Every structure is written in structure tokens, then in C-alpha cells.
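Comments concern the structure below.
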Amino acid sequence: MRNFGCTPDTEIWCSAGFYKTIQQLMDKKEAFITDSFMEDDNAFITNVAHITPRVDETTELLEIIYGGKLGLDSKIATIKCTPNQKFLTCYENNDTLHYSNDTFIWKEAKDLKPGIRLVAEDANIEVKEVKRITVPKTKVYSVTTTKDHSFSVRLGVIVRGE
């Protein structure tokens with residue numbers, strides 16, 4: 001098992017058209033349908049996913065605060081995850097977003113910095129702040145998908161699953 005995961009309050013996109021928290025999906029104890037981002041085709045595909053509790057518990061997490069880049073789109077979201085959780089990022093050149101295979105890069109949460117562009121349904125999403133937080137021992141969860149191994153969290157941001 002890879003060494004990353006998210007907290008139970010992480011909201012995951014379900015293909016039925018809404019977000020549910022990891023805790024809500026765990027309570028159902030069944031697979032769910034999510035969308036994965038295929039980097040090679042720059043497209044979303046439908047995937048079957050399962051929530052997998054991590055074997056260990058952690059006390060050190062990162063809180064990633066991200067949201068709209070423009071003043072008109074000021075949506076802000078937060079995700080708490082392990083430092084090794086991977087986010088799909090992209091290069092930006094002269095305010096033009098380039099979508100090609102060499103512009104997408106998986107970055108671990110610990111390597112994210114304010115201003116980094118996150119691949120999302122809304123192209124204006126960027127990292128606002130990264131905070132190191134210490135919590136009482138808490139379980140984190142991984143999402144396992146059948147095909148592409150990525151899934152979408154709040155505001156359509158793409159993170160790596162298993």
C-alpha cells in the first residue's frame with residue numbers, strides 16, 4: 001500500500017453528480033462510482049472505487065487550502081492529508097494553460113506551495129496555503145480505483161489513489 005491518504009472529512013466526487021465525504025462512503029460499506037482523469041487523453045472516465053483504511057495512524061498531516069485564482073471565482077476548499085498524498089499539477093506559461101502530457105506533474109502535498117496550479121474541472125484552481133498540522137492520532141484513508149487510479153476531491157481537484 002502506498003504511503004498516502006486523506007482524512008474522513010475529505011469530499012470525493014461521485015459520478016451521480018454530488019460530493020460525499022470519505023466517512024459517508026465508509027458508512028455505506030460499498031463501492032461507488034467516481035470520475036478519474038486520464039492524463040494521456042485529457043479526459044475524465046468513469047471508475048469503480050473503494051475506500052481503504054490505512055493500516056497505521058498518523059499525527060502529522062498537511063492542510064492544503066486551495067481555490068479560485070481570480071477574484072470573481074473565490075471558492076476556497078481545504079483538504080487534510082498525509083505529506084505524501086499526490087496532487088496533479090500543471091505548468092502555466094504567460095498565463096496560458098498548456099494541456100499536453102509533459103505539462104502534468106504529480107506533486108506530493110509536502111512539495112506544494114502557494115500559486116501552484118492544480119488540475120481541476122475549473123482551470124483557475126491554485127494552492128493558496130499549505131499548513132503543517134499536528135492532530136491526535138487519526139486514521140487516514142486511501143481511495144482505490146479500478147483503472148486510472150486518480151479521483152476528484154472538492155472543487156474538482158485531481159489526487160492520486162491506488
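Of all the criteria given as (1) in contact with a helix residue (DSSP H, G or I) (Cβ under 8 Å, 6 or more places away or on another chain); (2) of a type in the set (A, V, I, L, M, F, W, C); (3) at pLDDT below 85, the one not satisfied by A77 is (3).
Keeping to segment 11-38, report how many residues are hydroxyl-bearing (S, T, Y), within 15 Å of the chain's Cα centre (by Cα) and open to solvent by 10 Å² or more (accessible area, probe 1.4 Å). Before you say what the answer is, go through the steps one by one.
In the first step, residues of segment 11-38 are kept if they are hydroxyl-bearing (S, T, Y); the result is 15, 19, 21, 34, 36.
Among the residues that remain, those that are also within 15 Å of the chain's Cα centre (by Cα) are: 19, 21, 34, 36.
Remaining after also requiring open to solvent by 10 Å² or more (accessible area, probe 1.4 Å): 19, 21.
Selection size over segment 11-38: 2.
For every residue, the table says whether it meets (1) modelled with pLDDT of 75 or more; (2) under 28 Å from E30 (Cα atoms); (3) part of a loop (DSSP other than H, G, I, E, B); (4) open to solvent by 30 Å² or more (accessible area, probe 1.4 Å).
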{"position": "T58", "(1), (2), (3), (4)": "no, yes, no, no"}
{"position": "Y99", "(1), (2), (3), (4)": "no, no, yes, yes"}
{"position": "G115", "(1), (2), (3), (4)": "yes, no, yes, yes"}
{"position": "E129", "(1), (2), (3), (4)": "yes, no, no, yes"}
{"position": "T134", "(1), (2), (3), (4)": "yes, no, no, yes"}
{"position": "V140", "(1), (2), (3), (4)": "yes, yes, no, no"}
{"position": "K147", "(1), (2), (3), (4)": "no, yes, yes, yes"}
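When Q24 is tested against the conditions (1) modelled with pLDDT of 90 or more; (2) touching a Phe, Trp or Tyr at 6+ places or on another chain (Cβ under 6 Å), the lone failure is (2).
Restricting attention to segment 149-160, which residues are open to solvent by less than 40 Å² (accessible area, probe 1.4 Å) and over 14 Å from P83 (Cα atoms)? First the steps, then the outcome.
The first filter runs over segment 149-160 and keeps only residues open to solvent by less than 40 Å² (accessible area, probe 1.4 Å), leaving 150-153, 155-159.
Those that are open to solvent by less than 40 Å² (accessible area, probe 1.4 Å) and over 14 Å from P83 (Cα atoms): S150, F151, S152, V153, L155, G156, V157, I158.
Does F87 fit the bill of being more than 21 Å from T10 (Cβ to Cβ), of a type in the set (F, W, Y), modelled with pLDDT of 70 or more and surrounded by 15 or more Cβ atoms within 10 Å (Cβ to Cβ)? Criteria not met by F87. Restricting to segment 101-113, and then to whatever is open to solvent by 40 Å² or more (accessible area, probe 1.4 Å) and in a helix (DSSP H, G or I), can you tell me which residue is modelled with the lowest pLDDT? Looking at residues that are open to solvent by 40 Å² or more (accessible area, probe 1.4 Å) and in a helix (DSSP H, G or I), I get N101.
Restricting attention to strands (runs of 3 or more DSSP E) lying wholly within segment 1-47, give those where 3 or more residues are among the basic types (K, R) and free of Cβ contacts under 8 Å to residues at least 60 places away in the same chain.
Values: elements: 11-14, 18-21, 32-38.
Hits in segment 1-47: none.
The values are calculated or read from the model by the stated rules, or taken from the named source; none is laboratory data. Being a predicted model, the structure only gives us computed values, none of them experimental. Here the Cβ is made from the backbone with ideal geometry for all residues, glycine too, and neighbour counts use every protein chain on show. When the accessible area is computed, the model is the full protein with side chains, heavy atoms only, and any ligands, DNA or RNA have been set aside. Shrake-Rupley method; radii C 1.70, N 1.55, O 1.52, S 1.80 Å.
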